[in-house]
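What follows is a set of notes on a single structure, which appears directly below.
The values are calculated or read from the model by the stated rules, or taken from the named source; none is laboratory data. Keep in mind that this is a model prediction, so the values were computed, not measured. Please note: Cβ atoms are built from the backbone with ideal geometry, for glycine as well, and neighbour counts cover all protein chains shown.
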Amino acid sequence: MPQHIIPSEPWQDLEKPNRGLNRDQCHSNTPIGVRERAADGHNGEADLFAGTWPTSFSKGLRHDENGIVDAQVYTEFLEEVADPTCTDNQGNRLTLFDTPAYSGPFRTAPSEGGEFRWRAWEGPILSHRLGFNGLDAGGLGIAPAPRLGSDELAAEMAELYAMACLRDVPLETIRDGAEGTDKVLGALGRLEWFRKDGCPKDASGAEIGKVPAARRVRDGEGLSSRTLFRGSSQGCSDGPYVSQFLLQGYDPLTSDAAHVQGRWLANTTAPRAMPFGSFRVDQRVAPQAVGVDYLRDWAEWLDVQNGADATGEQAFEACGPKFIETPRDLATYVHFDSIYQAFFNACLLMLGRGIQADDGLPEVWSSRAEDSGAHWGGSHALSILAETATRAMRAVRRQTFQVHNRARPEKLGSVATLVANGHGAVLGAAEPFAAAHLEKLESAACEDFSLVEAIAAAPATKRFAHNAVSHKGLPQIDRNLLLPVAYPEGSPMQPSYGAAHGAVAGACATLLKAFFRTHALDGSRVTLAEAGMERVFVPAPDGRTLVESVRPEDSAAKLTLNGELNKLAANIAIGRNFAGVHFYSDYFDSIRMGERVAVGILAEQMANFRGAAKMSLETFDGDRLNIVGGRSCGSEIHIVNSTPELWWTRHLPEQAGWAG
């Protein structure tokens, strides 16, 4: 097997060692040279808006009172991200990151006294290191992010405002269109992007291309209470909003007899935890405080943009753990999770329930006692989740820092606020685009409800400690359109696009779909009932317990294993949107990038397996993908009604390998 060679200065030419070793030949249908075709294409705003960069990530750097980043330090930041310069005393390069972060005083302080500490950036040069498994970080790409002034970005921001309005409304209530959901839906439905007969345009006024059009489809349906805030893949709009893999547990003490019969014991209550050795992994979360949002005060928002670590200001409910019932609960889960935790738990649940392995894999799961670490067995599935998550993280970090450097939603809220209060001139060349953005946002209104005005009227409660000069010199804000955020520290210290949670979710869900039998031999999707999960649960109205859903459309005979895994990936990625720290396109493109990371790793491992094996799965876009092979013949990727070449780079606009 070819061995990796790590260059002494890996950021110089990541691909030279692999090209010399013909590494692409290990799985023959992976397109050779795909990394060269995955061009580094951002949306051009870093050049168009140079000097102010309102749509570029600048958190942790010095900003003026209007939230405009210092041009010199931002330029140095970009240079350091592209080519780290920090060396030791002997001149050897180190894996450090030397950038002039903000070092001045903060305007506010922790509510319980003291001073805020500074936050560090998260993995800014992680992708400069050569990977040991699967494709390298430079071999994958995602489409340019939506631009300021486009119908898509306005719709994304409007959706985040809508999420903030409904953050404490139970997800099952949102599904019914109640408690204000109908008004929010009506307002969103006025946007060109969400209208079924709409003709959305990009920032230049041209018709959108195939990649944005694919993001607009959202599971083939128009906007409704059933599709609101849902994912884009099969099953995401079916049944309860929350995947069963984030709710159900498994109790081996009551379920052994059921396992022997190939079905889950239909006891009167649902287990809430999975066994992990002698421990139990509880599916409940410690809920964040209802109605408490952050970064609605300009001084607090500005401190967080300058890098203040306000994590300790998070408020929690005192009533104890609960199941994921509301958008805020889901935002809480993805605030504190280990990034692949939900998929590790899902794997434990499926192994415990005795869900069958993919039909093309060796028979190592016929008994729970026979695995013993076998290749393609349960232990392999659990371990490869962690391995693949780290590879997805490396790949997505390259996109976030080295390519797109997209601003977080909290910064876009400030752009709308500046324009709405007559301060748009400070945005420089971005001002007309920001004005168009605000105009599109304001069109999200119907009858007696305006989404923008609902945000302007939202509480701007001070959450941190202030003093007499906290607001000195700040712009006059009468119409506050800052995005209410669920986390006091706002977003993580990394750009928005792609999303780490999204990429890891896409990769790990793909692994589970490959390892477990999600489709019958005739190609039909395996239902939850057929997999042994015979009941579908939702949280009770207070979230303290689970109750069996009585909706006919929630039948375990209708919901599918594939769909619930797709839904799990969407829940984890879009949960970050509910918090206000990611956009919809971050989810859409990142899960597909993670999917390709996982397929690359599976194909590489398949090529080194001693016997013949095959893994089959349905992709997030509905393709039927097979990975076949063994040590004697390498491995191949086959895609029904497409080619690996088209599929691999479908999400890049220069390839546009979408059907139609």
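Please pick out the residue among ILE627, ILE601 that is aliphatic (A, V, I, L, M), within 27 Å of LEU382 (Cβ to Cβ) and either assigned to a strand (DSSP E or B) or at pLDDT 95 or above (or both).
Details: ILE601 fails: either assigned to a strand (DSSP E or B) or at pLDDT 95 or above (or both).
The match here is ILE627.
Can ALA499 be described as hydrophobic (A, V, I, L, M, F, W, C), at pLDDT 95 or above and in contact with a strand residue (DSSP E or B) (Cβ under 9 Å, 6 or more places away or on another chain)?
Answer is no for this residue.
Looking at this structure, is GLY594 assigned to a helix (DSSP H, G or I), over 23 Å from VAL485 (Cα atoms) and in contact with a helix residue (DSSP H, G or I) (Cβ under 7 Å, 6 or more places away or on another chain)? Break it down into steps so the answer makes sense when it comes.
Values: assigned to a helix (DSSP H, G or I): yes; over 23 Å from VAL485 (Cα atoms): yes; in contact with a helix residue (DSSP H, G or I) (Cβ under 7 Å, 6 or more places away or on another chain): yes.
So GLY594 passes the test.
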- prompt: So, of the residues in region 506-557 that are among the small types (Gly, Ala, Ser), under 20 Å from ASP176 (Cβ atoms) and in contact with a strand residue (DSSP E or B) (Cβ under 8 Å, 6 or more places away or on another chain), which turns out to be surrounded by the most Cβ atoms within 10 Å (Cβ to Cβ)?
  reply: GLY543
task: Starting from region 410-421, take each residue that is under 15 Å from GLU159 (Cα atoms) and list its partners that are in a helix (DSSP H, G or I) and not basic (Lys, Arg), counting only C-beta distances under 6 angstrom and pairs at least six apart or across chains.
output: LEU412/MET157; ALA416/LEU438
Index of the failed condition, THR560 passing every other in (1) surrounded by fewer than 24 Cβ atoms within 10 Å (Cβ to Cβ); (2) in contact with a helix residue (DSSP H, G or I) (Cβ under 8 Å, 6 or more places away or on another chain): (1)
- prompt: If you check ILE627 against the conditions, is it touching a residue at least 12 places away in the same chain (Cβ under 8 Å) and farther than 27 Å from PRO362 by Cα?
  reply: no
query: So which residues in region 594-624 are surrounded by fewer than 23 Cβ atoms within 10 Å (Cβ to Cβ), in contact with a His (Cβ under 8 Å, 6 or more places away or on another chain) and among the hydrophobic types (A, V, I, L, M, F, W, C), if there are any at all?
result: ALA607, PHE609
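Do you know which of the residues in region 112-130 that are at pLDDT 85 or above and within 31 Å of the chain's Cα centre (by Cα) is nearest to ALA468 (Cα to Cα)?
PHE116
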Number of the exception - VAL290 against (1) part of a loop (DSSP other than H, G, I, E, B); (2) at pLDDT 60 or above; (3) surrounded by 21 or more Cβ atoms within 10 Å (Cβ to Cβ): (3)
query: Can you tell me how many residues in region 521-545 are among the hydroxyl-bearing types (Ser, Thr, Tyr) and farther than 30 Å from ALA318 by Cα?
result: 2
- prompt: Picking from GLY490, GLY506, which residue would you name as being closer than 23 Å to LEU171 by Cβ and under 25 Å from the mean Cα position of the chain (by Cα)?
  reply: GLY506
- request: Scan region 384-426 for residues that are farther than 14 Å from LEU148 by Cα, among the small types (Gly, Ala, Ser) and in contact with a helix residue (DSSP H, G or I) (Cβ under 7 Å, 6 or more places away or on another chain) and jot them down.
  value: ALA389, ALA392, ALA395, ALA420, ALA425
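Kindly indicate whether GLN494 is farther than 20 Å from ARG107 by Cα, among the polar types (S, T, N, Q) and either touching a helix residue (DSSP H, G or I) at 6+ places or on another chain (Cβ under 6 Å) or not in a strand (DSSP E or B) (or both). Step through it out loud before you land on a result.
Values: farther than 20 Å from ARG107 by Cα: yes; among the polar types (S, T, N, Q): yes; either touching a helix residue (DSSP H, G or I) at 6+ places or on another chain (Cβ under 6 Å) or not in a strand (DSSP E or B) (or both): yes.
Yes; evaluated as a whole, the condition is true for this residue.
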message: Restricting to region 453-494, count the residues that are surrounded by fewer than 16 Cβ atoms within 10 Å (Cβ to Cβ), closer than 22 Å to VAL426 by Cβ and of a type in the set (Gly, Ala, Ser).
response: 1
query: Is at least one residue of region 241-260 buried (at least 18 other Cβ atoms within 10 Å of the Cβ), at pLDDT below 90 and of a type in the set (Ser, Thr, Tyr)?
result: yes
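Each row is one residue, and each column tells you yes or no for (1) touching a residue at least 12 places away in the same chain (Cβ under 8 Å); (2) out of contact with any His (no Cβ under 9 Å at 6 or more places or on another chain); (3) farther than 30 Å from LEU625 by Cα; (4) surrounded by fewer than 23 Cβ atoms within 10 Å (Cβ to Cβ).
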{"position": "ALA286", "(1), (2), (3), (4)": "yes, yes, yes, yes"}
{"position": "PHE323", "(1), (2), (3), (4)": "yes, yes, yes, no"}
{"position": "ALA331", "(1), (2), (3), (4)": "yes, yes, yes, no"}
{"position": "VAL334", "(1), (2), (3), (4)": "yes, no, no, no"}
- request: Would you check if there is a residue in region 500-519 being assigned to a loop (DSSP other than H, G, I, E, B), of a type in the set (Lys, Arg) and touching an Asp or Glu at 6+ places or on another chain (Cβ under 7 Å)?
  value: yes
message: For the list (1) farther than 25 Å from ALA509 by Cβ; (2) part of a helix (DSSP H, G or I); (3) of a type in the set (A, V, I, L, M, F, W, C); (4) within 27 Å of the chain's Cα centre (by Cα), I need the number of the one condition that LEU382 fails.
response: (1)
- prompt: Do we find a residue being of a type outside the set (Phe, Trp, Tyr), assigned to a helix (DSSP H, G or I) and over 30 Å from VAL169 (Cα atoms) anywhere in region 522-541?
  reply: yes
message: Taking the criterion of being out of contact with any strand residue (DSSP E or B) (no Cβ under 8 Å at 6 or more places or on another chain), hydrophobic (A, V, I, L, M, F, W, C) and surrounded by fewer than 23 Cβ atoms within 10 Å (Cβ to Cβ), would at least one residue in region 351-365 satisfy it?
response: no
query: Which of the following residues is assigned to a loop (DSSP other than H, G, I, E, B) and touching a residue at least 60 places away in the same chain (Cβ under 8 Å): GLY352, GLY360, GLY312?
result: GLY360
Region 646-655, residues that are of a type in the set (D, E, K, R) and either modelled with pLDDT of 85 or more or crowded, with 21+ Cβ neighbours inside 10 Å (or both): ARG650
message: Against the definition (among the polar types (S, T, N, Q), part of a helix (DSSP H, G or I) and touching a Leu at 6+ places or on another chain (Cβ under 6 Å)), how does THR417 come out, yes or no?
response: yes
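State all residues of region 542-570 that are over 25 Å from the mean Cα position of the chain (by Cα) and part of a helix (DSSP H, G or I); if no residue qualifies, say none. Quick ask: steps written out before the conclusion?
Residues of region 542-570 that are over 25 Å from the mean Cα position of the chain (by Cα), as a first pass: 542, 544-558.
Within region 542-570, PRO552, GLU553, ASP554 qualify.
Give the residue that is farthest from MET606 (Cα to Cα), with candidates limited to residues of region 636-645 that are touching a Pro at 6+ places or on another chain (Cβ under 9 Å) and not acidic (Asp, Glu). I'd like the intermediate steps shown before the answer.
At the first step, the residues of region 636-645 found to be touching a Pro at 6+ places or on another chain (Cβ under 9 Å) are 636-638, 643-645.
Right, trim to not acidic (Asp, Glu) and you get 637-638, 643-644.
Values: ILE637: 10, HIS638: 13, THR643: 19, PRO644: 16 Å.
The qualifying residue farthest from MET606 (Cα to Cα) is THR643.
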